[in-house]
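J.: The structure that follows is given in the form of structure tokens.
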């Protein structure tokens, strides 16, 4: 795979770290590894429920279904549709997501990639563009994945603004089918940490099912708890 200029990584990191605000509202989302498998195709499902104290930011439940593929060497693209239920409303969103693997796995002390997202809410007509840096560092059976993402939101109902969020995942590779982990998320109105587990089930040659589950406890007064469940059916 042709490696993009490392200057791009430096520029992206600078743009993200220069942001002085963290994510407005929830910062809890999926955590992405910086890898793209050649000829990969994937059907993805996500269910996430956040419970927040009464009278503060609304509690919400998100359901998401998407299909993705690696059209180009080192580039993964996914189109998804999601439904967001809050205490007072329900809306649908469409999202286009791109992951670009910058370095070969094992080429450096840690592995790098970038994430681009474009999202629009079909009911409120609000929009969001995001760019992020993905990193994974391995120590023997342990892995640490970090996602630092900056976003710009605009549309009706709120002021246009820049945001950012941080997600960390520490995982112990016990065996492929079961890997215990801890996840941490930080945003303006969200600080949360909690245990989870993930794994991959081989179904047949060229087919596998990835799963992940985590239960997160809010560390501030804006969040009680979050439950997150993910499935990815991959075929080549």
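Bear in mind that the values in this text are calculations on the coordinates, not laboratory data. Here the structure is a predicted model, which means the values were calculated and not measured. All Cβ positions, even for glycine, are placed from backbone atoms using ideal geometry, and neighbour counts span all protein chains on display.
J.: Normalised by the residues of the stretch 93-192, what does the relative contact order come to in percent, with Cα pairs under 8 Å and at least six apart?
T.: The value is 17 percent.
J.: Sticking with this one: Full-extension gain between residue 91 and residue 170, please, as 0.36 nm times their residue separation minus the C-alpha to C-alpha distance.
T.: Answer, rounded to one decimal: 25.2 nm.
J.: Which whole-percent values make up P(r) of the stretch 97-195 when all C-alpha to C-alpha distances are grouped in 5 Å steps starting at zero?
T.: Taking all Cα pairs of the stretch 97-195, the binned fractions are 3, 11, 17, 18, 19, 14, 9, 6, 4, 1 percent.
J.: Starting from 0 in steps of 10 Å, tell me what percent of the Cα-Cα pairs of the stretch 168-236 lands in each bin.
T.: Over the stretch 168-236, the share of Cα pairs per 10 Å bin runs 20, 41, 25, 11, 2 percent.
J.: Return one number: the angle in degrees, 0 to 90 and rounded to the nearest 10, between the long axis of the Cα atoms of helix 6-17 and the longest principal axis of the Cα atoms of the chain.
T.: 20
J.: When the helix-only estimate is applied to the chain (DSSP H runs of n ≥ 4, each -39,500 (n - 2.57), divided by the residue count), what is the mean residue ellipticity at 222 nm, nearest 500 deg cm²/dmol?
T.: Mean residue ellipticity at 222 nm (helix-derived): -1500 deg cm²/dmol.
J.: Return the Rg/Rh value of the chain, two decimal places, where both radii are evaluated on C-alpha atoms and Rh is the Kirkwood radius.
T.: Rounded to two decimals, Rg/Rh equals 0.94.
J.: Relative contact order of the chain, please, whole-number percent, based on alpha carbon pairs below 8 angstrom and at least 6 residues apart.
T.: Across the chain, relative contact order equals 20 percent.
J.: Once the Cβ-Cβ distance between residue 110 and residue 47 is put in as r, and R0 is 22 Å, what FRET efficiency do you end up with, to the nearest 0.05?
T.: 0.15
J.: Kindly state, to the nearest 0.05, the FRET efficiency for residue 69 paired with residue 197, given R0 = 30 Å and r defined as their beta-carbon distance.
T.: Efficiency for this residue pair is about 0.65.
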